[in-house]
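The values are calculated or read from the model by the stated rules, or taken from the named source; none is laboratory data. Here the structure is a predicted model, which is why all the values come from computation and not from measurement. So basically every Cβ, Gly included, is an ideal-geometry build from the backbone, and we count neighbours across all protein chains shown.
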Amino acid sequence: MRTSARRRKTAAAFWENGHIVVVVPAHVRRAERQELVDWLVGRVLAKRPGATASDDALAQRAAMLADRYVDGVRPSSIRWVTNQGKRWGSCSNGTGEIRLSHRLRAVPDWVLDATIVHELAHLLHADHSAAFHAVANRYPRQKDALVFLEGYSLGLRTAPT
């Protein structure tokens, strides 16, 4: 939470680098601030309900998907990152780490699942070979997710910032 001497009437909440920032006018009494912050955070989260998934939640989701589609392979870690502006995810074969772009927090679950399966498949095949695609395409909506992400990325590029 931030306080602002310039704000006179309204408080605001918005996403910044994967976190919710709340700005409250400085004149709001401390006793009232927490209630205001809770209300604003609730409104922001209601617009993007999947945005608060933790890395533990990602690890559980990846384990379930790996058992179902990718021969039970496990990453050493899987987490959200904010430094991937052009990729949806990345996998470091040497360390087994998977990183997912924070931009995926707003996509439907099946698109996120397809991306996780794609990155898990890289733990078995570092390239985009036929063997890799045979594993990644075990997820039934892999191709649908690719189409979705192509359109989504176009929308991100044309959206006003």
Looking at the stretch 138-151, is at least one residue aliphatic (A, V, I, L, M) and out of contact with any helix residue (DSSP H, G or I) (no Cβ under 9 Å at 6 or more places or on another chain)? yes
Subset of the stretch 51-110 that is part of a helix (DSSP H, G or I) and aromatic (Phe, Trp, Tyr) - its residue that is surrounded by the most Cβ atoms within 10 Å (Cβ to Cβ): Tyr69
Filter pass, Arg87 being under 21 Å from Asp144 (Cα atoms) and outside the structural domain of Trp15 (by TED's automatic domain parsing): yes
Just wondering, is there one or more residues in the stretch 128-139 that are part of a helix (DSSP H, G or I), out of contact with any His (no Cβ under 6 Å at 6 or more places or on another chain) and among the aromatic types (Phe, Trp, Tyr)? no
In the stretch 16-57, the residues that are of a type in the set (Gly, Ala, Ser) and modelled with pLDDT under 80: Gly18, Ala31, Gly42, Ala46, Gly50, Ala51, Ala53, Ser54
Checked pairs for the stretch 3-26, first outside any strand (DSSP E or B), second of a type in the set (Val, Ile, Thr), C-beta under 6 Å and 6 or more apart or across chains, list as Ala11/Val24; Asn17/Thr82; Gly18/Thr82; Ala26/Thr3
Restricting attention to the stretch 101-121, report how many residues are in contact with a strand residue (DSSP E or B) (Cβ under 8 Å, 6 or more places away or on another chain), among the charged types (D, E, K, R) and farther than 10 Å from Gly89 by Cβ. 1
Looking only at residues in the stretch 111-134 that are over 11 Å from Val73 (Cβ atoms) and under 16 Å from the mean Cα position of the chain (by Cα), which one is surrounded by the most Cβ atoms within 10 Å (Cβ to Cβ)? Ala114
